[in-house]
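Following: one structure in structure tokens, then a few remarks.
The values are calculated or read from the model by the stated rules, or taken from the named source; none is laboratory data. Computed from a predicted structure; not experimentally measured. We place every Cβ from the backbone using ideal geometry, glycine too, and count neighbours over all the protein chains shown. Note: accessible area is taken over every heavy atom of the protein model, side chains too, but ligands, DNA and RNA are not part of it. Shrake-Rupley method; radii C 1.70, N 1.55, O 1.52, S 1.80 Å.
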Amino acid sequence: MAVRKRRRSASRKRREARLKAGAWVGVVVLALLLTFWSAIWPYLVGLLLLGAVGGGAWWLWRTDRLIRGSDRQWRHEDAVNVGHRTLAEVDVMDGTQFEDFVADLCRRDGCTEVRRVGRTGDDGADVRGRLPDGRTMVIQCKRYHPKRKISNGEVRNLLGSQVHFKAEVAVFVTTTYFSGPAERCAVQNGVVAVHRDHLGLWNNGAALPSLTAVNGAGQGDRRHRALRKNTYE
């Protein structure tokens, strides 16, 4: 107990010493201010004005960021609602309509220089453009019946198109699913494989760049494949 009391007494003395030192510093600073007030007051006023201007500028910048962020969110939601199609509606599109649909989704997500180039002799490219980060992209679009599978050869054709156009990113968009070899080929070669489920996510507002995080996933296991077969037969 005596040791504890001595420790508490020493701690209290240290606190009192710090308080006294702080009080003396305050007195000295106040004395200096009063002594040299006529010389330093313009600088103090200048600092206060500078702080006020800086605070006002920060507030305006923050308000602008909030307004712009809200505006971008509103525009994105509006674009999603305007361009939204059910997968049933997508299934009855012809090839050209589906390519236009994919191009519109790219534009909605901030892609630039987007143009549909699909036609006979298109060298495996249906849509070309740039991602929001500036990288060039080439897209192959296949509107197939959900029972049909994308083959390994079709993915390899897109890889050839990527080399031909010197595109940095290749994207394969389809209304169906990829065969096992085709999916592995896409993932191993960096092709973004947008199958039916991912197309639904994209159509519902997910941005195209975000689909790269789930590339090669989402086609389901054997049970899901059996369910799809029964659904679309």
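Just a few scattered comments:
- The selection criterion, being among the β-branched types (V, I, T), in contact (Cβ under 8 Å) with a residue 24 or more places away in the chain and within 18 Å of W202 (Cα to Cα), does not hold for V114.
- The stretch 166-188: number of residues that are part of a helix (DSSP H, G or I), open to solvent by 10 Å² or more (accessible area, probe 1.4 Å) and among the aliphatic types (A, V, I, L, M): 1
- For the stretch 132-160, a residue qualifies if it is assigned to a loop (DSSP other than H, G, I, E, B), surrounded by 14 or more Cβ atoms within 10 Å (Cβ to Cβ) and touching a residue at least 40 places away in the same chain (Cβ under 8 Å), and the qualifying residues are R143, P146.
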